[in-house]
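Only one structure is covered here, and it is reproduced in the block below.
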There are 2 protein chains.
Amino acid sequence: MAVTIRDVAEASGVHVSTVSRAFSAPHLVNPATRTRVLAIAEDLGYRPNRAARALTTGRTHNIGLIVADIANPFFPPLIKAAQAQARLRDYHVFVADTDEDPQVEEELIQTLTKQVDGVLLCSPRLTNRTIERLREEVPFVVVNRRVKGMPTVLMDVGRGVRLAVEHLAGLGHRRLALVTGPSGSWTSKEMQAAAAAMGEADVAFLGPNPPTELGGLAAVTDVIASGATAVLAYNDLVAIGLMEGLAERGIDVPGDISVIGVDDIVPGRLSRPKLTTIAMPTAAAGRIAVDMLLQSVDSDSTGGVTVLETSLIVRESTGETHS
Amino acid sequence: MAVTIRDVAEASGVHVSTVSRAFSAPHLVNPATRTRVLAIAEDLGYRPNRAARALTTGRTHNIGLIVADIANPFFPPLIKAAQAQARLRDYHVFVADTDEDPQVEEELIQTLTKQVDGVLLCSPRLTNRTIERLREEVPFVVVNRRVKGMPTVLMDVGRGVRLAVEHLAGLGHRRLALVTGPSGSWTSKEMQAAAAAMGEADVAFLGPNPPTELGGLAAVTDVIASGATAVLAYNDLVAIGLMEGLAERGIDVPGDISVIGVDDIVPGRLSRPKLTTIAMPTAAAGRIAVDMLLQSVDSDSTGGVTVLETSLIVRESTGETHS
DNA sequence: ATACTTTTTGCAACCGGTTGCGGTATACGA
DNA sequence: TCGTATACCGCAACCGGTTGCAAAAAGTAT
């Protein structure tokens, strides 16, 4: 069996409480005994059992990270950053995939709560009501969605959309199409609102669509029918699907139609033509979200809303219109 | 505070041990009391504390999943599948990113051991010796690397390479280049061995290279110098980098040079031309790895080696040679 | 040397569960 | 009717730590 605090106590001839304090309250134990105890612990290979510790302290030093779909290229950078930041703060992270299923999401949260100090909800599909209820049991921070009175980190797509529309207007585009995402998506609504608020060009709203390549592929005929010379897609995956569909019909990008995506995921950087896109600061979002979470964990603060800037990355899929 | 087993006991007028058994040893309690207790637990919102339970049972119902780089597109499907399978078995999963650093990897394992029943090591960078030592503390299963006497799941790249070489030979290619990966990589060695063992064509080994786009980009001059008409790259990322570099030099793929990658990651499916690649069954690997892990957890079996088939997916980056 | 602080350590209860053992109540066979 | 097997339940110790309280030791001032 693994070596426990009692083994260390016995080996060093002190009481377990002294060993415990040697680790977690150094100032309460004689420096000499402390170093002796630590040395003995070291060569016995003792490692405190975090779960046992959590039982009395109420701090598990774990957080939960719940995402809709790990395999969606949007999330891995966020997960990676969150995990790295957590490690910096000496936290471990559970990650769970809900497969876009609210049912699963709720159950996951339920079973996780006792083992974590807080959970990060990324693009949750749960209703606001459910989230507010669950909130009683464990601190949250929500990423990529607005939930009243809850600590949140948002990425300002609105700004990105404005930048994109200006960029397109500058290239002479007057008629745009916005290929929207799933109907429940906060991001999609933001994009529509931002696009609608700009006077630069006419914009047709096409959707809702699934947030995937297939969604983009399926939207091609509508895009063509709309007569738009430039398209803003819900995300890069949709944009790539769109470009495939256009290519199949012999329509040149950006020669005939310009395309802009959202997210700046790896595939977009590698596509042909390379995709112009609105970059979402996902890594920063992950990092900041865990900081907010840990802060709200040990200060019970209500926590505010952090809005992260987005930017436009111009690559090869946008160009002047010739129509 | 959260509702505990004692709250339930009190509310239902029985001893805590009865409540405990109502949950985890149903046959030891009167069906009538059991349903009553369960009902009361339900509407008190009681959820057993898994960490506390683990203290006595020795089963945490958690596993650890350690990967080199979450953001590398190779891993997310594996993580997703592993997590899904774990959930099926009522397990939660910690995922940790080592950033390719063996130091971090070891430390992560150390701090995780007490909280998990076992850990999945994906493409570990640790030395065999270290792995064998750590093994004393927690059950492992290793993915994508061979470690003597340890439960392992491997993907048979060798077969994929043979298929690829045959495919190329069939297209008339006689002179190939293999752009290898990092020097420590098991996969890279397997690929070299398989390629060397085939008589179909001459093959030049170019490397080692970092397993990224940049690695591919950097290998371009060597590839050209080698006079090869077809290239097999360490992975899809390298292949994509290669294709960029070739395009920059005005060399057509597959017209002038054919390119094959390994992994079948999403970006390869979306690249232009679409990448011919050796598909690695990462999702299956994740699923099977957790099953092997859980099995070795509750049977102490030494566990064998599972080898998964790979296959060749022919897309657009390979074609007949005209030289 | 004495009284009073301050530092260091031990004791024991507690966190939220599980489980071996023994006690009761009921059922069953003789 | 009695003895005994069986089903159900409670008691209490335990898992591996932490922590309030008090005792012991060491230091300080008088």
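A straight line joining the Cα centroids of the range A:25-76 and the range B:27-58 runs 28 Å.
Largest GNM mean-square fluctuation across A:VAL157, A:VAL231, A:VAL307, computed for chain A with C-alpha springs under 10 Å, falls on A:VAL307.
Hydrodynamic estimate: the Kirkwood radius of the range A:40-190 over Cα pairs, inserted into Stokes-Einstein at 20 °C and 1.002 mPa s, corresponds to D of 120 µm²/s. Counting, for every residue in A:106-114, the Cβ atoms of other protein chains within 10 Å of its Cβ and taking the mean gives 3.
Ignoring lysines fewer than eight residues from B:LYS80 along the same chain, the ones with Cα atoms less than 20 angstrom from its Cα are A:LYS80. Taking a straight line from the alpha carbon of A:LYS274, these lysines sit under 22 Å away, with near neighbours fewer than eight places off in the same chain left out: B:LYS274. Within 10 Å of the Cβ of each residue in B:93-100, the mean number of Cβ atoms contributed by other protein chains is 5. Cross-link candidates for A:LYS189: which aspartates and glutamates have Cα within less than 18 Å, leaving aside residues fewer than 8 places away along the same chain? Here the aspartates and glutamates satisfying the reach criterion relative to A:LYS189 are A:ASP156, A:ASP202, A:ASP236, A:ASP263, A:GLU309. From the square roots a ≥ b ≥ c of the eigenvalues of the alpha-carbon gyration tensor of the range B:157-280, which class results: rounded (a/c under 1.5), prolate (a/b over b/c), or oblate? Here the range B:157-280 falls in the rounded category. Shown here: chain A, whose C-alpha atoms stretch 87, 38, 30 Å along the first, second and third principal axes, sorted largest to smallest.
The mean number of Cβ atoms from other chains found within 10 Å of a Cβ in peptide A:70-82 is 5, as a whole number. Each Cα pair under 8 Å and six or more residues apart adds its separation to the average, and for chain B the resulting relative contact order is 17 percent. Expressed as a fraction of 2.2 N^0.38 Å, the value expected for a compact globular protein of N residues, the C-alpha radius of gyration of the protein assembly as shown is 1.07.
No lab work stands behind these numbers, since they all come straight from the coordinates. Because the structure is predicted, anything quoted here is derived from the model rather than measured. Here the Cβ is made from the backbone with ideal geometry for all residues, glycine too, and neighbour counts use every protein chain on show.
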